Amino acid sequence: MCRLKNEGKITVGKTLKKKFLIALLSGSLALGGLLSAFGFSGTAFAMPLGGIGDFYVEFDKLEGKGFQLLPHIGETGNSDAEPMVRNKIEDVTITNLHIYKDLPLPGDGNWVRVHIRASGPTTITGLKQDARLIDADLSFDQLEIKEQNTDDFAKNWSQNASTITIQDATLVTDYLFQEMVSLEGAKISVEKIDAPKMIEE
């Protein structure tokens, strides 16, 4: 707050809206659910993250056990129904995880990007993730692709593997759920950007 002198009277000024909105957005909208779930321990239980539109997940390497991939129609920030793939992995270890989300600031056309980085290994149990784009190197053990004679799109085919390794990955995600997740050396930061990142398919 600031005080302004005006004809012998003291007037209390208003908080600058732009700075207030930046603080509010970065604190509550930009992956706020994810940040609050981790708290001080770096561990979260039964944590869903969705309904906030596209966010990006990048990492150097993911090693998982008990993998399943299914077709899925899901909600995004711009649509009620978009084709996706749903990945389910029972146990996951990720190296150099980086999650970020671009958010518009109201009224002025500017953008902010919220980053969550883990300098140490990230371990996840019960991962469920809906992706519109996966750009990565993939390898599987005991890969099985199965079809079923059904009109249910989500059950028509599936891809299963005992283990999966994903390297040099960028994923565009609209829904993320983990029964338990632990980030070692988590760092959270916010930066101002000129424009949001666009999907390159």
The percentage of Cα-Cα pairs in region 82-135 separated by more than 18 Å is 56 percent
Based on the Kirkwood radius over alpha-carbon pairs, what value in µm²/s does the Stokes-Einstein equation return for the translational diffusion coefficient of region 99-161 at 10 °C and 1.306 mPa s?
96 µm²/s
Across region 99-109, in residue order, what do the Karplus-derived ³J(HN,Hα) couplings come to in whole Hz, using 6.51 cos²θ - 1.76 cosθ + 1.60 with θ = phi - 60° and x for Gly and Pro?
10, 8, 9, 9, 10, x, 8, x, x, 10, x
Just to be sure I understand the model, the point goes 7 Å from the Cα along the line to the Cβ. What's the resulting residue 96 to residue 150 distance in nm?
4.0 nm
Over region 114-161, what percent of the accessible surface lies on carbon and sulfur atoms, probe 1.4 Å?
43 percent
Calculate the spin-label point distance for residue 58 paired with residue 197, positioning each point 7 Å from the Cα along the beta-carbon direction, and give it in nanometres.
0.5 nm
Just to verify a number: FRET efficiency for residue 167 and residue 72, C-beta to C-beta distance, R0 = 35 Å, to 0.05?
0.90
Quick one: Cα convex hull volume of region 160-201, Å³ per residue?
188 Å³
Hey, what do the phi angles of region 163-174 turn into as Karplus ³J(HN,Hα) couplings, whole Hz, using 6.51/-1.76/1.60 and θ = phi - 60°, x for Gly and Pro?
9, 9, 10, 10, 10, 6, 9, 10, 10, 9, 10, 10
For residue 105, other-chain or 5+-apart residues with amide H closer than 5 Å (H placed, Pro excluded) are 110, 111, 112
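The values are calculated or read from the model by the stated rules, or taken from the named source; none is laboratory data. All values reported here derive from a predicted model rather than from experimental measurement. Quick reminder, even Gly has a Cβ in these numbers, built from the backbone with ideal geometry, and neighbours come from all protein chains shown. Side chains included, ligands, DNA and RNA excluded: accessible areas come from the protein's heavy atoms. Shrake-Rupley method; radii C 1.70, N 1.55, O 1.52, S 1.80 Å.
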